[in-house]
Amino acid sequence: MKEYLDLFLNSFTDYANYLWREISEPASNNYFYWLLGLSFLVFMLEIWLPWRKNQKILRRDFWLDLFYLVFNFFLFSLVGYNAVSNVAVKAFNDVLNSIGMENIVAFEIGSWPFWSQLLVMFIIADFIQWNVHRLLHRVPFLWEFHKVHHSVKEMGFAAHFRFHFMETILYKSLQYIPLAMIGFGIEEFFIVHMLGVLIGHLNHANLAWDYGPFKYVLNNPKMHLWHHAKELPADHKYGMNYGLSLSIWDYLFGTAHVPYHDPDLELGFEGDENFPNDLGRQMTEPFKVK
């Protein structure tokens with residue numbers, strides 16, 4: 001038990017040191033500056049090629065969404081998520097060791113070409129995320145958390161950051177075992193994750209892009225805008241267009257819905273006029289007894 005407690009307590013200092021190194025020591029694999037760089041790139045594209053011409057550059061809730069970036073990507077780990085995750089992973093590995101297993105790697109693809117490792121990880125991770133996203137819409141308890149993301153009323157790249165911290169826990173937990181079974185390394189995960197960040201930014205951006213014939217494979221701003229539509233069609237009462245990076249899952253499983261393109265589509269969800277509009281209350285709202 002002392003070993004777990006020490007790991008938990010040391011994790012706070014370890015993550016704080018890691019975050020300080022990310023900020024103070026720019027490098028090619030620096031998550032902090034890659035995130036800032038990709039965000040700035042997509043923001044510049046929004047200014048240069050806006051789809052909604054009348055939408056302000058600093059749109060409604062722009063600063064709130066930027067604070068969500070800081071909270072979800074950094075502060076949440078700093079105040080406890082990293083510590084809890086480290087303990088959970090150690091406990092999981094200790095259970096494996098107790099039954100004579102060193103790990104759960106079922107498919108060793110480390111000898112494959114690097115590009116093929118990235119492709120497999122990208123596809124598997126996105127398919128898991130697509131399924132988790134469907135659950136967020138279909139399970140009432142989970143939908144209460146996902147409402148935070150759908151409270152966006154004007155779409156822009158920073159809306160990608162607006163999500164409840166419980167989504168981080170859910171996504172990471174359900175991804176851990178499948179990806180661990182394939183034995184991916186941290187380098188592959190970093191590249192796939194940053195690619196996902198870029199695509200996610202573009203999907204939420206004020207851009208009139210759908211990538212032509214590639215729209216049936218890759219999610220895009222025009223398709224994702226319909227995911228945020230306030231009025232849902234009768235045949236998609238739980239929502240549609242669940243893909244995070246890839247749209248192919250929605251086309252394969254019948255959840256795609258892009259009837260036409262409307263940059264001024266009303267966004268939100270039924271009853272969102274009563275939903276809190278500040279971070280503190282948005283974080284606590286899902287926990288209230290309905």
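Quick notes on this structure:
- The Cα-based radius of gyration and maximum Cα-Cα distance (Dmax) for the chain are 19.8, 63 Å.
- Within the same chain, aspartates and glutamates fewer than 8 places from Lys222 are excluded, and of the rest, those with a Cα less than 18 Å from its Cα are Glu46, Glu154, Asp210, Glu231, Asp250, Asp262, Asp264, Glu266.
- Rounded to the nearest 10 degrees, the inclination of helix 31-48 to the longest alpha-carbon principal axis of the chain is 10 degrees.
- Nearest-0.05 FRET efficiency for Asp262 and Val84, computed from C-beta distance (R0 51 Å): 0.75
- Chain lengthening between Phe76 and Thr13 when straightened (0.36 nm per residue, less Cα-Cα): 21.3 nm
- Measuring nothing but how far apart in sequence close Cα pairs (under 8 Å, 6+ apart) lie, relative to its length, region 140-223 scores a relative contact order of 30 percent.
- For the pair Gln175 and Asp235, label points projected 7 Å from Cα toward Cβ lie 3.2 nm apart.
- The shape of region 148-283 can be summarised by an equivalent ellipsoid whose semi-axes, obtained from the alpha carbon gyration tensor, come to 25, 20, 15 Å from longest to shortest.
- Adding -39500 (n - 2.57) for every DSSP H run of four residues or longer, then dividing by how many residues the chain holds, sets the calculated 222 nm ellipticity at -17500 deg cm²/dmol.
- Rounded to the nearest 20, the Cβ-based charge dipole of the chain about its Cα centre (Lys and Arg +1, Asp and Glu -1) stands at 500 debye.
- Contact order for region 2-287, expressed relative to its length and based on alpha carbon pairs under 8 Å spaced 6+ residues apart, stands at 22 percent.
- Region 143-290, relative contact order [Cα under 8 Å, separation at least 6], %: 26 percent
- The angle separating the long axis of helix 82-98 from the principal Cα axis of greatest extent in the chain is about 50 degrees.
- Highest-MSF residue in the chain out of Thr255, Thr168, Thr13 [GNM, Cα springs under 10 Å]: Thr13
- Reachable lysines from Lys90, criterion Cα separation under 25 angstrom, eight or more residues apart if same chain: Lys2, Lys172
- Here's how it looks for Leu267: its modeled amide H is under 5 Å from those of Lys230, which are all 5 or more places away or on a different chain.
- The chain: angle of helix 186-204 to the longest principal axis, Cα-based, in degrees nearest 10: 10 degrees
Coordinate-derived values only; no laboratory data. This is a predicted model, so every value here is computed, not measured. So basically every Cβ, Gly included, is an ideal-geometry build from the backbone, and we count neighbours across all protein chains shown.
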